[in-house]
1. Through the Karplus equation 6.51 cos²θ - 1.76 cosθ + 1.60, θ set to phi - 60°, convert the phi angles of segment 161-168 into ³J(HN,Hα) values in whole Hz; use x for Gly and Pro.
2. So what is the 222 nm mean residue ellipticity for the chain from helices alone, if each DSSP H run of at least 4 adds -39500 (n - 2.57) and you divide by all residues, rounding to the nearest 500 deg cm²/dmol?
3. Just subtract the alpha-carbon distance of Glu78 and Glu115 from 0.36 nm times their residue separation and send over the number in nm, one decimal.
4. Placing +1 on the Cβ of each Lys and Arg and -1 on the Cβ of each Asp and Glu in the chain, which of Phe112, Gln73, Ile161 has its Cα farthest towards the positive end of the resulting dipole?
5. Averaging sequence separations of C-alpha pairs under 8 Å and six or more residues apart, then dividing by the length of segment 68-188, give the relative contact order as a whole percent.
6. Assign unit charges at the C-beta atoms only (+1 for Lys and Arg, -1 for Asp and Glu), then state the dipole size of the chain relative to its Cα centre in Debye, rounded to the nearest 20.
7. Of all beta bridges DSSP finds with both residues in the chain, what is the antiparallel percent, to the nearest 5?
8. Taking the simple approach of a point 7 Å from Cα along Cα-to-Cβ for both Asn62 and Asn101, what is their distance in nm?
Amino acid sequence: MFDEKKESSILGTVIAVSLSKRHTFSKENQESIKVVKDFGVEGDAHFGSTVKHRSRVAQNPNQPNLRQVHLIQNELFEELADRFHIKPGQMGENITTVGINLLELPTDTILFIGESAMIKVTGLRNPCAQIDHFKQGLLKAVLDKDSDGNLIRKAGIMGVILQSGEVKPGDTIRAVLPPRPFKKLERV
């Protein structure tokens with residue numbers, strides 16, 4: 001999964017930041033966003049310490065919000081470019097990255113972004129049928145199977161805010177892996 005010698009220096013870059021005050025599928029790009037400890041992206045519809053995703057609120061509105069911030073790697077958009085034209089923010093992510101394979105990070109990885117923001121990775125985004133309302137056929141494109149037939153979700157990762165800070169395009173992302181044994185990302 002990771003090269004032991006390079007584990008301590010997994011670096012990437014923020015290429016876009018986005019938010020939406022309403023529960024819309026896509027989010028609008030911003031010059032910067034503020035992430036707030038224990039709550040998420042200030043001004044975003046998913047801001048809060050308890051779950052804000054509509055289907056999860058219907059099940060139990062008191063669940064902890066493990067989906068305070070959504071990150072997607074721009075490499076996914078490049079992978080899908082022959083079939084879909086997708087811009088940062090359009091798949092509902094708050095932070096679009098380049099240079100880090102987010103999907104290979106273990107659960108509880110800490111992402112240090114910009115001067116002070118810290119995000120703990122909680123799991124994978126579970127893409128739903130809404131994604132096909134945005135672009136027909138996209139749901140199938142962001143789901144795959146590995147050689148053992150296990151489902152692979154490619155629509156990004158989710159996290160919680162450990163330390164507040166401003167995040168903007170051009171910020172460096174430094175991933176610090178948790179202690180071994182690593183726990184594979186699961187959907188949250």
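1. Values per residue, Gly and Pro as x: 8, 8, 8, 5, x, 8, 10, 9 Hz.
2. The helix contribution divided over the chain gives -2500 deg cm²/dmol.
3. 10.5 nm
4. Ile161
5. 36 percent
6. 620 debye
7. 90 percent
8. Calculated label separation equals 4.2 nm.
The values are calculated or read from the model by the stated rules, or taken from the named source; none is laboratory data. Keep in mind it's a predicted model, so treat the numbers as computed, not measured. Because the Cβ atoms are built from the backbone with ideal geometry, glycine has one as well, and the counts that use them run over all protein chains shown. Remember, those area values only see protein heavy atoms, side chains included, never the ligands or the DNA or RNA. Shrake-Rupley method; radii C 1.70, N 1.55, O 1.52, S 1.80 Å.
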